[in-house]
Amino acid sequence: MAAMEKISLPQLITALSDNSALYNQWYNESEIKYGSLDSHTIAGWMTEVVEPIVKAAVALDVAPEKIQEIVKALYLETLKLIGSGQAIRYKDEFKAAWLLLVQMPGLVVKFPMKIISLLNDVLLNLHQYAPEKIVYWCSLIAKSAADIKTIEDFKSTGRIYAWHCGLAHLRNRLKADFAALPENLQQTIVHTLDLHKNTNQLFANPWIGDVTKFEGVHGGFKGGAGFFEHPPKLAQIEGNIFVTDSKSSYALFADQFGKVLLPAHTVAANAILSNSKRLESLTKWIGNDSDKIDVQNISSVVVTEDTLVFTLENSYFLYLFSLGNA
């Protein structure tokens, strides 16, 4: 096991020494799986991240056996993070996320492995869809941590803040998530996000304002960190917006906070292409802005109650307009 000379918390030292053989076994198994692990990196993570979490749990005056369980969970997850390289490439983000547990020691005591797994899952999703917002998401959770008492509180609050950070595909479930939260946590979220409107309306409407507005593009060429090998086409199927380049298919989610393309493995490209539609004019929806668009070059269009999306013949992007909320 990596050297732990810098650890000063007696309960953590005891937990490690009492199970040293087991920890050494896990360390050796991780080296077989991941290759050589840097002992200094592990020691640094244990002192900078694990020790403060364990200290917060110790302050709740829990049984030594529970501290042993917590330390084991933290150590195993530490080996995974460092072995996979995530705790090295994204050290600041994972460190900020794990240290949130210092403010939620009750959840660490009750569900040590589960709460860490949930944290890591959130970070992986944010890394995929909104990597620049990870530290911001951590700051939002930190402002609500005192009111998060259960795993369900954490899940729902985490989803609401992840949506606010750009994960648009989460919005449809947030009305129910928010309603199920304790009133004090609801108020904390409203205050943290500075919500000035009815939350049900906020979750229901993807865009703010009541005027049509260009909301940018999404997609792009796969060779340039985009999604498509060929110019894509759109279709609306059973209320959802799908897009395909004939090889890969996705469901599109977009709102005021972000745009997300989720793989749609169960929807055949042919189904999307056969439902794809073109329009001769966009004037009805975007007024004078339609004069700036070569309508003859539009290859597909989807218009919903609140969103207009179209593709162009020689473009790898999706073009989005919000139609406003009356």
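Of the residues N184, N172, only one is among the polar types (S, T, N, Q), modelled with pLDDT under 95 and assigned by the TED database to the domain that holds D61; which? Steps first, answer last, please.
Values: N184 fails: modelled with pLDDT under 95.
Among N184, N172, only N172 is among the polar types (S, T, N, Q), modelled with pLDDT under 95 and assigned by the TED database to the domain that holds D61.
Which of the residues that make up segment 68-124 are in contact with an Asp or Glu (Cβ under 8 Å, 6 or more places away or on another chain), more than 25 Å from L167 (Cα to Cα) and open to solvent by 30 Å² or more (accessible area, probe 1.4 Å)?
Q68
If you check V50 against the conditions, is it more than 19 Å from Q11 (Cα to Cα), assigned to a helix (DSSP H, G or I) and not charged (D, E, K, R)?
So V50 fails the test.
Which of the residues that make up segment 125-147 are open to solvent by less than 10 Å² (accessible area, probe 1.4 Å) and either touching a helix residue (DSSP H, G or I) at 6+ places or on another chain (Cβ under 6 Å) or farther than 28 Å from H218 by Cα (or both)? Write out each step before concluding.
Residues of segment 125-147 open to solvent by less than 10 Å² (accessible area, probe 1.4 Å): 126, 130, 134, 137-138, 140-141, 144-145.
Scanning segment 125-147 gives L126, I134, W137, C138, L140, I141, S144, A145.
Among the residues of segment 155-172, is any open to solvent by 60 Å² or more (accessible area, probe 1.4 Å) and under 15 Å from F203 (Cβ atoms)?
Within segment 155-172 (the criterion being open to solvent by 60 Å² or more (accessible area, probe 1.4 Å) and under 15 Å from F203 (Cβ atoms)), the answer is yes, since at least one residue qualifies.
Mind listing just one residue for me: the one in segment 256-291 that is at pLDDT below 95 and open to solvent by less than 20 Å² (accessible area, probe 1.4 Å) and, of those, nearest to Y136 (Cα to Cα)?
I286
How many residues does segment 187-237 hold that are of a type in the set (S, T, Y) and crowded, with 18+ Cβ neighbours inside 10 Å?
Taking segment 187-237 as the starting set, the residues that turn out to be of a type in the set (S, T, Y) are 188, 192, 199, 212.
Going one step further and asking which of them are crowded, with 18+ Cβ neighbours inside 10 Å, we end up with 188, 192.
Residues that pass the stated criteria total 2.
So K292 clears everything in (1) more than 30 Å from N198 (Cα to Cα); (2) touching a strand residue (DSSP E or B) at 6+ places or on another chain (Cβ under 7 Å); (3) not hydroxyl-bearing (S, T, Y) except one condition, right? Which one?
The number of the failed condition is (2).
How do the pairs read when you match residues in segment 21-45 that are assigned by the TED database to the domain that holds I82 with residues anywhere that are open to solvent by 60 Å² or more (accessible area, probe 1.4 Å) and of a type in the set (A, V, I, L, M), using Cβ under 6 Å and keeping only pairs 6 or more apart or on different chains?
What qualifies is Y23/M1; N24/M1; Y27/M1.
When you scan segment 23-32, how many residues do you find that are within 17 Å of A43 (Cα to Cα) and open to solvent by 30 Å² or more (accessible area, probe 1.4 Å)? Outline the logic, then answer.
Let us first name the residues in segment 23-32 that are within 17 Å of A43 (Cα to Cα), namely 23-28, 30-31.
From what's left, open to solvent by 30 Å² or more (accessible area, probe 1.4 Å): 24-26, 28, 31.
Residues flagged as within 17 Å of A43 (Cα to Cα) and open to solvent by 30 Å² or more (accessible area, probe 1.4 Å) within segment 23-32 amount to 5.
With respect to L262, is the statement that it is touching a residue at least 40 places away in the same chain (Cβ under 8 Å), in the same structural domain as E305 (by the TED database) and more than 18 Å from V303 (Cβ to Cβ) true?
Working: touching a residue at least 40 places away in the same chain (Cβ under 8 Å): yes; in the same structural domain as E305 (by the TED database): yes; more than 18 Å from V303 (Cβ to Cβ): yes.
Spelling it out, L262 is indeed touching a residue at least 40 places away in the same chain (Cβ under 8 Å), in the same structural domain as E305 (by the TED database) and more than 18 Å from V303 (Cβ to Cβ).
The values are calculated or read from the model by the stated rules, or taken from the named source; none is laboratory data. Just so it is clear, the model here is predicted, and its values are computed rather than measured. Backbone-built Cβ (ideal geometry, glycine too); neighbour counts: all protein chains shown. Ligands, DNA and RNA are stripped out before the accessible areas are found, and what is left, the full protein with its side chains, is counted by its heavy atoms. Shrake-Rupley method; radii C 1.70, N 1.55, O 1.52, S 1.80 Å.
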